[in-house]
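Report on one structure; see the data block that follows.
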Amino acid sequence: AAGVIQSPRHLIKEKRETATLKCYPIPRHDTVYWYQQGPGQDPQFLISFYEKMQSDKGSIPDRFSAQQFSDYHSELNMSSLELGDSALYFCASSLLAGGTGELFFGEGSRLTVL
Amino acid sequence: AQSVTQPDIHITVSEGASLELRCNYSYGATPYLFWYVQSPGQGLQLLLKYFSGDTLVQGIKGFEAEFKRSQSSFNLRKPSVHWSDAAEYFCAVGGYGGSQGNLIFGKGTKLSVKP
């Protein structure tokens, strides 16, 4: 069965650079979530989209932005990168309308900021 | 504020022994409760979830968990641990803001399995 696809799997950037992470949800899923997991930390909710509209916002820095496109894939844009942004970024998708709402996580994109 | 506490940072058990991972939550309403497992460098896999109904829920890989409202707990159990169960386990609560997907995770419990 198709799973959540994230790209790139690994990314290395310098401080103050920008980075873009992509997420391709499971086909027909209508909701996408972004989480950030720092080294040795628990995942922290960043932002979510339902039917291409932002549905909720968590602890996402102002330097970060995200959107969901017409094909339901989502991108997380991070600017003015800081060392503390080094983390594993997870995307998850779910089917809310008519579904269980269960989250399915991708394998994550590991961002290293030097 | 909503929160999840996993009191044990690291647990070591022998293969074949029973396992219980503790989870306590603080939440103003009936929560959605989840247990996820994460192998090193991997994503999060859902083991089981509780939304309502029977307070003893069965999950994948032989895991089960019991919701105890009076104790605000949702402990994960397995009667006989396998070496492949070594991983990090996260308890999570969802449902605030009306969305079960905005999960609050505990800090995780790392499970090591001795041969």
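Laboratory data are not the source of any read-out in this text; all were calculated from the coordinates shown. Model, not experiment: these values are computed from the prediction. Because the Cβ atoms are built from the backbone with ideal geometry, glycine has one as well, and the counts that use them run over all protein chains shown.
Just a few scattered comments:
- Residues located in the stretch A:63-114, provided they are within 14 Å of chain B (Cβ to nearest Cβ) and over 16 Å from the mean Cα position of the chain (by Cα): A:Leu95, A:Leu96, A:Ala97, A:Gly99, A:Thr100, A:Gly101, A:Glu102
- Set B:Val93, B:Val113: member being farther than 21 Å from B:Ser18 by Cβ, touching a residue at least 40 places away in the same chain (Cβ under 8 Å) and assigned to a strand (DSSP E or B): B:Val93
- Here A:Asp56 does not qualify as over 10 Å from the mean Cα position of the chain (by Cα), part of a loop (DSSP other than H, G, I, E, B) and without any contact (Cβ under 8 Å) to a residue 12 or more places away in the chain.
- Residues (more than 18 Å from A:Leu111 (Cα to Cα), surrounded by 13 or more Cβ atoms within 10 Å (Cβ to Cβ), more than 9 Å from chain B (Cβ to nearest Cβ) and out of contact with any His (no Cβ under 8 Å at 6 or more places or on another chain)) located in the stretch A:11-31: A:Ile26, A:His29, A:Asp30
- Flag for A:Asp71 being of a type outside the set (Val, Ile, Thr) and without any contact (Cβ under 8 Å) to a residue 12 or more places away in the chain: yes
- Selection from the stretch A:35-53 of residues that are closer than 27 Å to B:Thr109 by Cα and assigned to a strand (DSSP E or B): A:Tyr35, A:Gln36, A:Gln37, A:Gln44, A:Phe45, A:Leu46, A:Ile47, A:Ser48
- Residues (touching a strand residue (DSSP E or B) at 6+ places or on another chain (Cβ under 9 Å) and more than 10 Å from chain B (Cβ to nearest Cβ)) located in the stretch A:47-62: A:Phe49, A:Glu51, A:Lys52, A:Met53, A:Gln54, A:Ser59, A:Ile60, A:Pro61
- Some residue of the stretch B:7-29 being among the hydroxyl-bearing types (Ser, Thr, Tyr) and touching an Asp or Glu at 6+ places or on another chain (Cβ under 8 Å): no
- Matching entry among B:Asp8, B:Asp54 (being out of contact with any helix residue (DSSP H, G or I) (no Cβ under 8 Å at 6 or more places or on another chain), assigned to a loop (DSSP other than H, G, I, E, B) and touching a residue at least 60 places away in the same chain (Cβ under 8 Å)): B:Asp8
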